[in-house]
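The values are calculated or read from the model by the stated rules, or taken from the named source; none is laboratory data. Keep in mind the model is a prediction, meaning the values are calculated, not measured. Cβ: placed from backbone, ideal geometry, glycine included. Neighbour counts: every protein chain shown. All accessible areas refer to the heavy atoms of the entire protein, side chains included, with ligands and DNA or RNA removed. Shrake-Rupley method; radii C 1.70, N 1.55, O 1.52, S 1.80 Å.
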Amino acid sequence: MGAQKSIHAGKAKIDVNVDLTHKLCASLMLTPFRSSGSPLSLIIGSLYIKHPNLFGGSEKLDVSWDKGLYDSNVLVAYRRPRPEWLAQQSFIIQHSISPEIGVHGVPMDNFSRSGSGSVNLSRLSVGLDLNEPASSKWSSATSIKFEHVRPVNDDGRSISRDLDGFPVTCSGNFHDSMVVLRQESRFAKADECSFSRFSLQIEQGIPVLSKWLIFNRFKFVASKGVKLGPAFLLASLTGGSIVGDMAPYQAFAIGGLGSVRGYGEGAVGSGRSCLVANSELTLPLNKMLEGAIFMDCGTDLGSGHHVPGNPALRHGKPGSGIGLGYGLRFKSQFGHFQVDYAINGFQQKTVYFSISNLAS
């Protein structure tokens, strides 16, 4: 349910997309945690501007704007041509604002949903991305960026403390600043019967100024898929940890779609460390429809009380949880539709509905 339009202006291409599909799904599946301020807030849309030859030397400029129900993201990327054997460079400017539900959200309905904690994050980042040439199985990317993070309430006003009076920044002021060096390595291997994937991301906060954050954060994701006759088994393991300076919003949030289904976003826990295991077995029902059964589990490894302000304990999060359920996967030329029905450790049922890879 949306409108799409492509416009060519000289060598530049402008793609405009206005989509009401996610709003309809949200109204059917979720209880809004924030009142809509205007009719424009009901619209999800995107705007993309691409120029393939900005200054006549094959320089590429990409500008994108994505608007969700409660979030927005603006990205400007400038890329200069380089030989294929050298790392490809991109100069990035990005600004986003989104609700911080994973850590500051309030669990509801036996942890099956997470309500607003009236904390949103306004992020501005400026920096350089380097993508190394990929080998047969390995690829890597490096970036160094300045990041400015400003918490705001639902009215858009800067805040330094949450509703309980605890700091929401590491500095205790209205914003945090940091220079982050990020390195990510990825491995992928596949054949007709199986695939293996592994990614490792390491972030280092560089103390350019004394008040800026100094930390080391890593996260890994390992997944394996195996074909078992007509069925397909997918298993994955995700983990991470952070040491050094830390703001509450940097904690690992556990729970929700993509984590432990049956729980709201971050309703299992939020800690300095985490470990999440997912397994799913899918079986084709016809050419476009698959059935699935799954089991998810996750834990903060007892690190929830090490997060500044201890938001997980204050909101009564258990710190570990397991979710079981089943679902349907529908694939068509218009996109991929997924419905999951899950039950958590508190016998509370949750339904998830998602749409991806919509055709343009």
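See the values below:
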item: Residues (closer than 18 Å to Thr238 by Cβ and part of a strand (DSSP E or B)) located in the stretch 282-318; result: Phe294, Met295, Asp296, Cys297, Gly298, Thr299
item: Of the criteria (1) within 22 Å of Pro81 (Cα to Cα); (2) open to solvent by less than 30 Å² (accessible area, probe 1.4 Å); (3) aliphatic (A, V, I, L, M), which one Val149 fails; result: (1)
item: Filtered residue count, the stretch 142-156, keeping only those that are within 22 Å of Asp71 (Cα to Cα) and at pLDDT 95 or above; result: 8
item: The stretch 239-275, residues that are of a type in the set (A, V, I, L, M) and either within 19 Å of Gln348 (Cβ to Cβ) or open to solvent by 20 Å² or more (accessible area, probe 1.4 Å) (or both); result: Val243, Ala253, Ile254, Leu257, Val260, Ala267, Val268, Leu275
item: Any hit, the stretch 319-337, residues being assigned to a loop (DSSP other than H, G, I, E, B), more than 19 Å from Ile355 (Cα to Cα), of a type outside the set (Asp, Glu) and touching a residue at least 24 places away in the same chain (Cβ under 8 Å); result: yes
item: Per-region count, the stretch 157-189, residues over 28 Å from Arg314 (Cα atoms) and open to solvent by less than 80 Å² (accessible area, probe 1.4 Å); result: 9
item: Answer from Ser64, Ser58, Ser90, Ser46 - the residue that is modelled with pLDDT of 60 or more, surrounded by 15 or more Cβ atoms within 10 Å (Cβ to Cβ), of a type in the set (Ser, Thr, Tyr) and more than 28 Å from Val152 (Cα to Cα); result: Ser90
item: Per-region count, the stretch 251-281, residues out of contact with any Asp or Glu (no Cβ under 6 Å at 6 or more places or on another chain), without any contact (Cβ under 8 Å) to a residue 60 or more places away in the chain and not in a loop (DSSP other than H, G, I, E, B); result: 8
item: Selection within the stretch 302-351 - surrounded by fewer than 19 Cβ atoms within 10 Å (Cβ to Cβ), within 22 Å of the chain's Cα centre (by Cα) and at positive phi; result: Gly335
item: In the stretch 203-230, the residues that are open to solvent by 70 Å² or more (accessible area, probe 1.4 Å) and either in a strand (DSSP E or B) or hydroxyl-bearing (Ser, Thr, Tyr) (or both); result: Ser210, Phe218, Lys219, Lys224, Lys227, Leu228
item: Residue in the stretch 129-141 that is at pLDDT below 90, under 21 Å from the mean Cα position of the chain (by Cα) and surrounded by fewer than 16 Cβ atoms within 10 Å (Cβ to Cβ) present; result: no
